[in-house]
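Beneath this line is the structure, given in structure tokens, with notes to follow.
The values are calculated or read from the model by the stated rules, or taken from the named source; none is laboratory data. Treat the numbers as computed from the prediction; the structure is a model and nothing was measured. Here the Cβ positions follow ideal geometry from the backbone for every residue, glycine too, while neighbour counts run over all protein chains shown.
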Ligand code: SF4
Ligand code: SF4
């Protein structure tokens, strides 16, 4: 019988043991329905998720809700929105109680005296020209000034087809401000002309992502198997999509047969009662989904399928390590 230990040498087995202990149970929370930007292609606004429910404005309700979430086993809160930094009291309610990650556009600085080690992921959609087209503003100028050298912040760089050949300049800029970067791909939920991926562009972007990881290993948090899976939409001969997705809200998940999935995962709306379908757009056609977290989770929940060859299992370990680094369960 093929076992984990039969496939790994001592070095890889040690890495495997470290991540095996983690047992991460995440859920995602819309902190607010508001944002100080309106990006074209924002999954939240384009799918009408901001209109699903009114925000809960009573901070005491947030505290009670977080206690209930912890009681059902959540040990990683991923805060999104809207823009969470518009509601720092709600962010603080999570931060005080459990490991918390805050996605932000970086325009408002999370005050470090109040949130010394809150993990912050700053969204970036390209160079200043693309950012101006898609987001109406060159956010890097502001976010990099806010977070320069911050050991608990990194960029979440959404690569668009227009960024082909230009990613190195962005990654070098991020290195130069003393931050790290994780790469993901735009899903173009609002069909902006020229921003939907063509098959040849996906091949090219995979090569470019690989090259960036080789050239900037101290700056880029990634691994080549993640690049392969997210650009090809396939894993071990299986195609990503609705019937494979691990990031569907558990109480709403009626799929048969049930795929391997994130245990207990819920994406909560900001009224703390309504749930969204999944970790991203309520209305996205799953066949076009390029969501980075869903793809990496897809790999992670399918460990058994990777216990086949040493290379397959090492690939799985690298994706799990990448996830654990992004949420600070293991050091960078
Ligand atoms: S900053 Fe984020 S939440 Fe706000 S509009 Fe842009 S993508 Fe949407
Ligand atoms: S849109 Fe993406 S993350 Fe959401 S259910 Fe479909 S495949 Fe999963």
* Asked: When you go through (1) more than 16 Å from the chain's Cα centre (by Cα); (2) outside any helix (DSSP H, G or I) one by one for residue 262, which number turns out not to apply?
  -> (1)
* For segment 5-29, which residues satisfy the criterion of being within 16 Å of residue 324 (Cα to Cα), in a helix (DSSP H, G or I) and without any contact (Cβ under 8 Å) to a residue 24 or more places away in the chain? -> 14, 17, 20
* Asked: Restricting attention to segment 44-66, does a residue exist that is part of a helix (DSSP H, G or I), out of contact with any strand residue (DSSP E or B) (no Cβ under 8 Å at 6 or more places or on another chain) and within 16 Å of ligand 2 (Cβ to nearest atom)?
  -> yes
* Condition met for residue 69 (under 13 Å from residue 269 (Cα atoms) and at pLDDT 95 or above) -> no
* Can you find even one residue in segment 116-137 that is touching a helix residue (DSSP H, G or I) at 6+ places or on another chain (Cβ under 8 Å), in a loop (DSSP other than H, G, I, E, B), closer than 29 Å to residue 89 by Cβ and modelled with pLDDT of 95 or more? -> yes
* If only one of 134, 98 is under 19 Å from the mean Cα position of the chain (by Cα) and in contact (Cβ under 8 Å) with a residue 12 or more places away in the chain, which one is it? -> 98
* **Only one of 254, 206 that is part of a helix (DSSP H, G or I), more than 16 Å from the chain's Cα centre (by Cα) and either surrounded by fewer than 14 Cβ atoms within 10 Å (Cβ to Cβ) or at negative phi (or both)** => 206
* Asked: If we scan segment 54-64, do we find a residue that is within 16 Å of ligand 1 (Cβ to nearest atom) and within 30 Å of residue 303 (Cα to Cα)?
  -> no
